[in-house]
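Structure first, commentary second.
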Amino acid sequence: AVPDEGVEVLGVHPLQAVDGEHPEGGVGPEALGEVDREAELLSAAAARVAFLHASDLRCPARLTATDQHADLSKKLAKLATVVPEHRTRFERILRTLADGLDNLAPIEPGVIHGDLHIGQFMVREGQVALFDYDETSIGDPCEDLAAFIANLHATGLPHERVQQIGGTLLSAYAT
């Protein structure tokens with residue numbers, strides 16, 4: 001689908017690019033710095049994410065870290081029957097993860113996007129919109145922010161540029 005005239009994609013995940021071209025006339029995150037309004041657009045994007053996180057939208061809960069650990073434990077037990085020579089390694093991994101669970105700070109769950117990356121934002125007439133809510137759920141809002149930054153790293157941007165873009169988004173989100 002081609003967006004209406006005057007709509008630009010704030011960024012595009014590299015997996016959405018076709019032959020190096022960004023679909024739908026979007027700009028990749030590597031070009032974000034060329035946009036005169038970078039801080040303004042990232043601040044608006046952060047405001048959309050913060051609005052979603054503060055909403056009282058009804059949606060399913062994500063698995064807790066404890067639930068995920070229990071699920072992984074079952075899967076590794078099955079896997080150990082196939083490759084018993086790795087059973088000790090699997091048990092060590094599970095113990096390490098369990099020890100880490102005890103150190104996690106409790107979170108205030110909220111509505112999360114669940115698939116946040118720069119390609120989920122579109123800009124039209126200076127307004128930023130957030131799209132693609134099919135993975136929206138109740139969870140840790142930090143997951144969205146971490147996913148956004150992790151996806152910037154996945155684009156191949158230099159580390160310093162990821163820090164700059166991610167820092168601008170995080171600073172705007174915190175205000």
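Residue farthest toward the positive end of the dipole of region 128-175, with Cβ of Lys/Arg at +1 and Asp/Glu at -1: which of ALA150, TYR133, VAL162?
VAL162
Using square roots of five times the C-alpha gyration tensor eigenvalues, list the equivalent-ellipsoid semi-axes of region 119-161 in whole Å, biggest first.
20, 18, 9
So what's the gap between the Cα centers of region 40-67 and region 150-175, to the nearest angstrom?
Their Cα centres are 17 Å away from one another.
Starting at the first residue of region 151-167, write each ³J(HN,Hα) from the Karplus equation 6.51 cos²θ - 1.76 cosθ + 1.60 with θ = phi - 60°, in whole Hz, x for Gly and Pro.
After applying 6.51 cos²θ - 1.76 cosθ + 1.60, I find 5, 4, 4, 5, 6, x, 4, x, 3, 4, 6, 4, 4, 5, 5, x, x Hz.
Accessible area per residue of region 104-166 at 1.4 Å probe, in Å²?
Accessible area per residue, region 104-166: 49 Å².
The values are calculated or read from the model by the stated rules, or taken from the named source; none is laboratory data. Since the structure is predicted, the reported quantities are computational estimates derived from the model, not experimental observations. Virtual Cβ from ideal backbone geometry, glycine too; neighbours counted across all protein chains shown. Only protein heavy atoms, including side chains, enter the accessible area calculation; ligands, DNA and RNA are left aside. Shrake-Rupley method; radii C 1.70, N 1.55, O 1.52, S 1.80 Å.
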